[in-house]
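Step one of this worksheet: look at the structure below.
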Amino acid sequence: EIGVNDVLLEIGITPNRPDCLSVVGTAREVAAILSGNARYPDTSINESGTPVGDYVSVEIQSPEKCPRYTCRVITGVKIGPSPKWMKARLESSGIRSINNVVDVTNYVLLELGQPLHAFDYDLVKGKKIIVRQAGDGEIIKTLDGVERKLTGDDLLICDADRAVALAGVMGGADTEVSERTRSILLESGYFSPDSVRKTSRKTGLKSESSYRFERGVDPEGVVRALDRAAALIAELAGGKVAAGRIDEYPAKIEPAVVSVT
């Protein structure tokens, strides 16, 4: 489809190596073995004048389950099909192409190992994101069209009025990106593995996102993935990235230091 003879590598990743659940993670491992250097994708962005804080604010009410939450806003996008090269790369990895914005979130997930979610910004009420635990019996309609009944153990991404995503597992139907979408709120966060694992099992929802979050993603990698995806969305969907990013990091995770001889 893209006019090249390609090679597909199939690798088995053990549960203790979530850092290898991406192209860059695997490349980094190979580089370490061969004493080389892994190359990271370009994350530079052309930002427009309006600051992101004019578009949205973020409040984390459950820092133990969501230590870090970052987001950007991209305006003036035009939803359409992705270019052939992206479709081919996604489909060779078993992911169906949907549109040029959703495809970018899946592409960066495969590339950097960080799950992302794109909301239709105009459907986010109150220009506000609240990360909180669900109320017992609270209902969310997920992207698969099913209404899910939740408990207080589940973590939600909410706007000013309602839940808009099941954190780390699946987005909600109310803010889904469609051909009518003109502005994007792009999320990149870190959710605790225990929380995502419990919610995924209880709801029976397995996703590429939950698969990675429940094994552990790099809390220091969320911004790189956010910027990479925002730049790609602006490139493929013709939008403008608002100036700056929101980065709420109330429960700082200190990197482990390992001494070796």
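The values are calculated or read from the model by the stated rules, or taken from the named source; none is laboratory data. Please read all numbers here as calculations on a predicted model, not as lab measurements. Reconstructed Cβ throughout: ideal geometry from the backbone, glycine too, with neighbour counts over all protein chains shown. The area values use the complete protein model at the heavy-atom level, side chains included, leaving out ligands, DNA and RNA. Shrake-Rupley method; radii C 1.70, N 1.55, O 1.52, S 1.80 Å.
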Cβ-placed point charges (K, R +1; D, E -1), dipole of region 113-261 about Cα centre in debye, nearest 20:
80
A 1.4 Å probe over the protein heavy atoms gives the chain a carbon and sulfur accessible-area percentage of 48
Residue by residue through region 214-231, what is 3J(HN,Hα) from phi via Karplus (6.51 cos²θ - 1.76 cosθ + 1.60, θ = phi - 60°)? Round to whole Hz and write x for glycine and proline.
6, 9, x, 9, 7, x, 8, x, 5, 6, 4, 5, 4, 5, 4, 5, 4, 5
Per-residue HN-Hα couplings for region 141-147, Karplus 6.51 cos²θ - 1.76 cosθ + 1.60 at θ = phi - 60°, whole Hz, x for Gly and Pro?
9, 7, 4, 7, x, 9, 7
Gap in Å between the Cα centre of region 195-261 and the Cα centre of region 118-161?
18
Measure up Lys127/Lys252; Lys141/Lys202; Lys65/Lys206; Lys127/Lys149; Lys84/Lys141 against 22 Å on the Cα-Cα distance and list the ones that go over.
Lys127/Lys252; Lys127/Lys149; Lys84/Lys141
With every protein chain kept in the model, how would you rank Met86, Met170 by accessible area, 1.4 Å probe, largest at the top?
Met170, Met86
1/(1 + (r/R0)^6) with r = Cβ-Cβ of Val258 and Leu8, R0 = 41 Å, i.e. FRET efficiency to nearest 0.05, evaluates to 0.75
Keeping all protein chains in place, calculate the accessible area per residue for the chain (probe 1.4 angstrom), answer in Å².
51
